[in-house]
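Participant: Structure below; questions to follow.
The values are calculated or read from the model by the stated rules, or taken from the named source; none is laboratory data. None of these values were measured; they are calculated from a predicted model. Every residue, glycine among them, receives a Cβ derived from its backbone with ideal geometry; neighbour counts consider all protein chains shown.
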Amino acid sequence: MKIMTSESFFDALSMPFPKSVEKNTPSNNNQKLLIPFFDRKRTVSVDEIVRLEGSGNYTNFYLKDGTKMLVSRTLKEYETLLDGQAFVRVHKSCIVNLSFVRKFFVKKEGELELADGQQVKISRRRAQMFIDRIRDFSPSLVN
């Protein structure tokens, strides 16, 4: 019988995060993401994510319950992972969940308001793509 010291026990339990972002897909309507957060992974339902903001090699997750999580992954990784979902990249540093878009304003620089009251700018380059996606997702928001 091998006796484990406390150091070897914790070494056996701790595992490095994989290089790629993970996705659990038991069913399409209840997709969950495994997000590396501090020293563990947190499971977050895709329906809970209001928006993602990129900051260099980090991404801030804003959840509908008001939680903000900083993750050491790029926004591009999450953009490819959430492609085909209700998410659209509206700015080089922001991806929004179309389910939480309350209204949007079309002017020289587009702007949208989310359900949590935050206002997000839409880049001119991505404005038409956003309008097309929101028209398909929720026609009631488009005039």
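Participant: Taking the stretch 58-79, which residues are loosely packed, with under 11 Cβ neighbours inside 10 Å and free of Cβ contacts under 8 Å to residues at least 24 places away in the same chain?
Facilitator: Residues satisfying the conditions are ASP65, LYS68.
Participant: Among (1) closer than 18 Å to ASP83 by Cβ; (2) modelled with pLDDT of 85 or more; (3) among the hydrophobic types (A, V, I, L, M, F, W, C), which single condition is PHE137 missing?
Facilitator: Going through (1) closer than 18 Å to ASP83 by Cβ; (2) modelled with pLDDT of 85 or more; (3) among the hydrophobic types (A, V, I, L, M, F, W, C) one by one, PHE137 breaks only (2).
Participant: When you go through (1) over 13 Å from the mean Cα position of the chain (by Cα); (2) closer than 19 Å to ASP47 by Cα; (3) not polar (S, T, N, Q) one by one for PHE105, which number turns out not to apply?
Facilitator: If we test PHE105 against (1) over 13 Å from the mean Cα position of the chain (by Cα); (2) closer than 19 Å to ASP47 by Cα; (3) not polar (S, T, N, Q), just (2) comes out false.
Participant: Can you go through GLN128, GLN119 and tell me which one is more than 23 Å from LEU70 (Cβ to Cβ) and loosely packed, with under 15 Cβ neighbours inside 10 Å?
Facilitator: Exactly one of GLN128, GLN119 is more than 23 Å from LEU70 (Cβ to Cβ) and loosely packed, with under 15 Cβ neighbours inside 10 Å, namely GLN128.
Participant: Something else now. Restricting to the stretch 59-86, name every residue that is within 17 Å of GLN118 (Cβ to Cβ), basic (Lys, Arg) and assigned to a loop (DSSP other than H, G, I, E, B).
Facilitator: If the condition is that a residue be within 17 Å of GLN118 (Cβ to Cβ), basic (Lys, Arg) and assigned to a loop (DSSP other than H, G, I, E, B), then LYS64 is the only one that fits.
Participant: Is it true that some residue in the stretch 123-131 is over 26 Å from LEU34 (Cβ atoms), touching a Lys or Arg at 6+ places or on another chain (Cβ under 8 Å) and part of a loop (DSSP other than H, G, I, E, B)?
Facilitator: Yes: one or more hits.
Participant: If only one of VAL90, VAL120, VAL96 is of a type in the set (Val, Ile, Thr), more than 23 Å from ILE35 (Cα to Cα) and assigned to a strand (DSSP E or B), which one is it?
Facilitator: Of the residues listed, the single one that is of a type in the set (Val, Ile, Thr), more than 23 Å from ILE35 (Cα to Cα) and assigned to a strand (DSSP E or B) is VAL120.
Participant: Sort out which residues of the stretch 99-110 are more than 22 Å from PHE37 (Cβ to Cβ) and surrounded by 15 or more Cβ atoms within 10 Å (Cβ to Cβ), and write them in order of number.
Facilitator: Result: SER99, VAL101, PHE104, GLY110.
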